[in-house]
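Student: Structure in structure tokens, see below.
The values are calculated or read from the model by the stated rules, or taken from the named source; none is laboratory data. Note that the structure is predicted; figures quoted are calculated from it, not measured. In this analysis, Cβ positions are derived from the backbone assuming ideal geometry, glycine residues included, and neighbour counts consider all displayed protein chains.
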Amino acid sequence: MNPVRYNITFNIEQSFFEEWSNWVDQYFIRAHMSTKIFTAYSINRLIGGDQRDGVNYAIQFVCDSLGSFQKFATTFHTDIEKNMRSTCGEKAVSYASLMEVIEYKNIKQS
């Protein structure tokens, strides 16, 4: 089985960014990681593109398999999504994607 990356990309209004960032730190990351389904996460700022409509971030969570993600989706996703909608409303819109890791190599040069 290959690992899976669950990617949530956000477009956040500039005026809401600080509140969004605090919510991500205080709730969103913890809610996902406390499920014990995900083994790692990363917070990524998208580079380039039109920033006039807000800033763009992607948060990725890694789990061991598609089966593990499906357990998350059926057990935990709805509550986290409800919290996100009530906290962010239209000030931080998002879309999600799921990616299977086919190959990953970390080549460190000396």
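Student: Considering only residues that are assigned to a loop (DSSP other than H, G, I, E, B) and either in contact with a helix residue (DSSP H, G or I) (Cβ under 8 Å, 6 or more places away or on another chain) or farther than 15 Å from Ile12 by Cα (or both), which ones fall in segment 22-47?
Tutor: Those that are assigned to a loop (DSSP other than H, G, I, E, B) and either in contact with a helix residue (DSSP H, G or I) (Cβ under 8 Å, 6 or more places away or on another chain) or farther than 15 Å from Ile12 by Cα (or both): Ser34, Thr35, Lys36, Ile37.
Student: Take Ile37 and decide whether it is surrounded by 14 or more Cβ atoms within 10 Å (Cβ to Cβ) and not acidic (Asp, Glu).
Tutor: Judged against the criteria, Ile37 is a match.
Student: Could you tell me which residue of segment 1-30 is nearest to Ala92 (Cα to Cα), considering only residues that are buried (at least 16 other Cβ atoms within 10 Å of the Cβ), among the aliphatic types (A, V, I, L, M) and out of contact with any Asp or Glu (no Cβ under 6 Å at 6 or more places or on another chain)?
Tutor: So the residue we want is Ile12.
Student: Among the residues of segment 51-76, what is the count of those that are of a type in the set (D, E, K, R) and either touching a Ser or Thr at 6+ places or on another chain (Cβ under 9 Å) or modelled with pLDDT of 95 or more (or both)?
Tutor: The number of residues fulfilling the criteria is 2.
Student: If you take the residues of segment 67-103 that are outside any helix (DSSP H, G or I) and free of Cβ contacts under 8 Å to residues at least 12 places away in the same chain, which of them is surrounded by the fewest Cβ atoms within 10 Å (Cβ to Cβ)?
Tutor: Across segment 67-103, the extreme among qualifying residues is Glu103.
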